[in-house]
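To keep things clear, I will list the structure first and then write my remarks on it.
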Amino acid sequence: MYSLTHSASLTFSLYVFSFQFVLSLISHVQKMEWLSNTSLSILNTAQNIVITLGLAVGTLLCAWYVHEGYGLTVGDYVLFSTYVIQLYSPLNFFGVYYRCVRERLHTEQ
């Protein structure tokens, strides 16, 4: 007949506690990962909306100025669109760097 000693029952109860603790940590990490991915998606969506609206309004305004003869030429439109696209490219990289930094900080913890 085997009996469960005090130390064995203590070890088993610590194992159950540590298992529950690890499960709670995993669920917390998964929740934080979801929040990080969601915030990055919102950031990218808002950035794309702002850039697209700015480019659309600027394009329509430049086209109207060229059509009405306010002193703008087709070259000025090309200058505007090139300028906006060059402003947009670094913003795209900032989102990627933001995600990389967040992942690195997360894995170091």
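Within the set of pairs 6+ apart or on separate chains, which have a first residue in the range 28-45 that is free of Cβ contacts under 8 Å to residues at least 12 places away in the same chain and closer than 16 Å to Asn92 by Cβ, a second that is assigned to a helix (DSSP H, G or I) and of a type outside the set (Phe, Trp, Tyr), and C-beta atoms under 8 Å apart? Sorted first by the residue in the range 28-45, then by its partner, the list stays empty. Being closer than 22 Å to His106 by Cβ, surrounded by 11 or more Cβ atoms within 10 Å (Cβ to Cβ) and either of a type outside the set (Phe, Trp, Tyr) or modelled with pLDDT under 90 (or both) is a property that Val29 has.
From the list Thr107, Thr73, Thr82, Thr59, the lone residue that is within 16 Å of Ser36 (Cβ to Cβ) and without any contact (Cβ under 8 Å) to a residue 60 or more places away in the chain is Thr107. Within the range 37-91, the only residue that satisfies the criterion of being loosely packed, with under 12 Cβ neighbours inside 10 Å, assigned to a helix (DSSP H, G or I), of a type in the set (Phe, Trp, Tyr) and at pLDDT below 90 is Tyr83. Residues in the range 48-76 that are polar (S, T, N, Q) and under 30 Å from Gly95 (Cα atoms): Asn48, Thr52, Thr59.
The values are calculated or read from the model by the stated rules, or taken from the named source; none is laboratory data. If you're wondering where the values come from, they're calculated on a predicted model, not measured in any experiment. Positions of Cβ are backbone-derived with ideal geometry, glycine not excepted, and every protein chain shown enters the neighbour counts.
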